[in-house]
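Presented below is the structure to which this report refers.
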Amino acid sequence: MIEGKILKVSGPLVIAEGMREANMFDVVRVGDSHLIGEIIEMHGDRASIQVYEETAGIGRGDRVVSTGAPLSVELGPGLVRSIYDGIQRPLEVMREKYGPNIIRGIDEPALDRERRWYFEPVAAYGDAVEPGDTYGFVQETDVIRHRIMVPPGVRGVIAEIHAGEFTVTEPVGKLKKADGTVVDITLMQKWPVRSARPYVEKLPPYEPLITGQRPEDALFPIAKGGTACIPGPFGSGKTVVQHQLAKWSDVDLVIYIGCGERGNEMTDVLREFPELIDPHTGKSLMERTVLIANTSDMPVAAREASVYTGITIAEYYRDMGLSVVVIADSTSRWAEALREMSGRLEEMPGEEGYPAYLTSRIAQFYERAGKVVCLGGDKRVGVLSAIGAVSPQGGDISEPVTQATLRIVKVFWGLDAALAYRRHFPAINWLTSYSLYRDRLADWFSKNVASDWMQKTGELSRILQQESELQEIVKLVGMDALSPADRLTLETAQSIREDFLQQDAFDAADCYCQLDKMYALINLILSFDKKARRAVQDGADVQDVATLPVRERIGRAKAVPYENYAAEFAAIDGEIDEELAALLAKH
């Protein structure tokens, strides 16, 4: 046991001497309250310790004890449906035991030591196993069948294995290693949060993460195994976008990290998620969700731990061959914690006081996403997608955190306060947002939705870009200066914005849009544009075309239930022909 003495306390930073034998990133216990901390810097026998709890009352001369192990998470059955703080302490268990306030120095195990799980072995006596091999299953929830895998770095021969009910710490069998030692195998393993879990090979992502949200899926798609960021000022709808992604994304598991967010926002998440019904399974959304709650009034240093805790749990389920999405809200709060710790360490500051290694730390998080061939003899493929919200002050995306994130992620869903103010949700700005996965996903969309999907969605983007240019002309010389064709472009762009990009999260028929319905809606809007241009060329007045009654039916088309959309859209397209024909007959 390595024991030192405190020299200095500066907020969440504690400097201790007598720690020469300790290692970087070792977990330590600080003071008589046994506060949890982590060594983040070593200078001779002095250790700089990041404390994950309130340090009030800790003083010079108090002792610091190293555990000799890095900050690690417990991985096993019982993670799903759980609500943890940033260092994987179960909040619900602590509330039941200690009341509504978190008491300093509490050390509760992340996984329930008393709950028994039925273990169904698939390996047998004498089987040779390697890292990642599955030796059994546990039905964790109604929708998650939990693989019990050989931990990385462990290999040998099964010397004993049993079916039955076990706690996570009870041996389910024994493994004989190559050196002849025999070790117990259990339902649980541990992994240090700052180390990425190993895999065989990283694959390029070619399949989209279907969200059911039209702006994301049609214009700015993200690949399964990809990375995205959602920057936007306060009130622009980041939380709603993330809730929609968590609920509707076609993934097996959602890890939601509340990193330094306001307490009322996390309270909404904690209350709503258990009540939400997963549309894919009909069960509670918590049946495939892990929540990590780290609010703004919790110690600043724990924000960094919460991000690493979440991504490590996600990697564990990815290694089972599942598709997992990590949603971090928000990485700006994490960066603020880095800035505070960097300042207290008296490091040379970078832009706006953030540490010079800000980009490197953000990259370490997002680079753990990807589509990989997992360890294990069955060559299963697991997918981990990472989506992070960024909260730039005043919506200024030129600030360091947003710019550092943009250098790393491939999808940018930029939220616009002006759109949110006009009640246009999701408030994703179609002029500033982008996706670098579009070309890579083209083949998938062509094969699974429509051969001209990329052409049609590209046409939407082109019209919206033209609208932006024409609006500048309108501001200078007025609408009357535009040609009939340009005025039609403005009308079509308005239809794209209001009838396609806007989506009602509270409408049962519109909150999720299937890809085939999405494609049909695009065709309906572009069909009106094409037929209207032909009518104007044949002598119809642009204003008369723009005010046809069928325009209202097009606007309401997105709210048509999925089972009725094909017939309804065909009827609307027929009505376009009839009304334009009647209009031309008048002329």
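Most tightly packed first, judged by the mean number of other beta-carbon atoms within 10 Å of their residues, the peptides 101-108, 203-210 read 203-210, 101-108. Full extension of the chain between Gln494 and Phe234 gives 91.0 nm of extra length, using 0.36 nm per residue less the Cα-Cα distance. Across the stretch 469-587, the mean sequence separation of Cα contacts (distance under 8 Å, 6 or more residues apart), normalised by length, yields a relative contact order of 31 percent. Relative contact order of the chain: 13 percent, from C-alpha pairs under 8 Å at least 6 residues apart in sequence. Using alpha carbons only, how many degrees (0 to 90, rounded to 10) separate the axis of helix 263-275 from the longest principal axis of the chain? Tilt of helix 263-275: around 80 degrees.
Give me the percent of accessible area attributable to carbon and sulfur for the chain, probe 1.4 angstrom.
Roughly 49 percent of what the probe reaches on the chain is carbon or sulfur.
Quick one: net charge around Val168, please, counting Lys, Arg +1 and Asp, Glu -1 for every other residue with C-beta under 10 Å from its C-beta. For residues surrounding Val168, the net value is -1.
Relative to the longest principal axis of the Cα atoms of the chain, helix 515-537 runs at roughly 30 degrees.
A full extension of the chain between Gln537 and Met479 corresponds to an added length of 19.0 nm, given 0.36 nm per residue minus the alpha carbon distance. Against the empirical 2.2 N^0.38 Å (N residues), the stretch 260-367 has a Cα radius of gyration ratio of 1.25. The packing ranking, built from the mean of other Cβ atoms within 10 Å per residue, places the peptides 544-553, 363-372 in the order 363-372, 544-553, highest first. Relative to the longest principal axis of the Cα atoms of the chain, the long axis of helix 438-448 makes an angle of roughly 70 degrees. In the stretch 207-281, Cα pairs under 8 Å separated by at least six residues give a relative contact order of 30 percent. For the stretch 378-456 versus the stretch 1-62, the spacing of their alpha-carbon centroids is 41 Å.
Counting only protein heavy atoms and a 1.4 Å probe, the chain has 42 square angstrom of accessible area per residue. Normalised by 2.2 N^0.38 Å, where N is the number of residues, the C-alpha radius of gyration of the stretch 342-435 stands at 1.41. The residue list Ser483, Ser495, Trp444 was ranked by how far each Cα lies along the charge dipole of the stretch 429-517 toward its positive end, using unit charges on Cβ atoms, and Trp444 comes out on top.
Converting phi to 3J(HN,Hα) with the Karplus coefficients 6.51, -1.76 and 1.60 and the offset θ = phi - 60°, the stretch 39-51 yields 6, 10, 7, 10, 9, x, 9, 9, 10, 8, 10, 8, 9 Hz in sequence order, with x at every glycine or proline. With a Förster radius of 45 Å applied to the beta-carbon distance between Thr67 and Ala559, the computed FRET efficiency rounds to 0.20. Between amide H atoms placed 1.01 Å from N, distances below 5 Å from Val28 occur with Gly37, Glu38, Ile39, Thr67, all of them 5 or more places distant or on a separate chain. Spatial offset of the stretch 497-545 relative to the stretch 276-296 amounts to 34 Å, using the alpha carbon center of each.
Separation of the alpha carbons by more than 23 angstrom is noted, of Lys224/Lys517; Lys530/Lys586; Lys238/Lys371; Lys190/Lys224; Lys456/Lys586, for Lys238/Lys371; Lys190/Lys224; Lys456/Lys586.
Over the chain, DSSP H runs of length four or greater, each weighted -39,500 (n - 2.57), average out per residue to a 222 nm ellipticity of -10000 deg cm²/dmol.
Using a Förster distance of 35 angstrom, determine the FRET efficiency expected from the C-beta separation of Glu578 and Leu431, and round it to 0.05.
Working: r = 35 Å, r/R0 = 1.01.
The formula returns an efficiency of 0.50 here.
Stretching the chain fully between Lys97 and Ser360 yields a gain of 90.7 nm (0.36 nm per residue, less the alpha carbon separation).
The values are calculated or read from the model by the stated rules, or taken from the named source; none is laboratory data. The structure presented is a predicted model; accordingly, all values stated were derived computationally and were not measured. All Cβ positions, glycine included, derive from the backbone under ideal geometry; neighbour counts span all protein chains shown. Heads up: the accessible areas ignore ligands, DNA and RNA and are worked out on the full protein's heavy atoms, side chains in. Shrake-Rupley method; radii C 1.70, N 1.55, O 1.52, S 1.80 Å.
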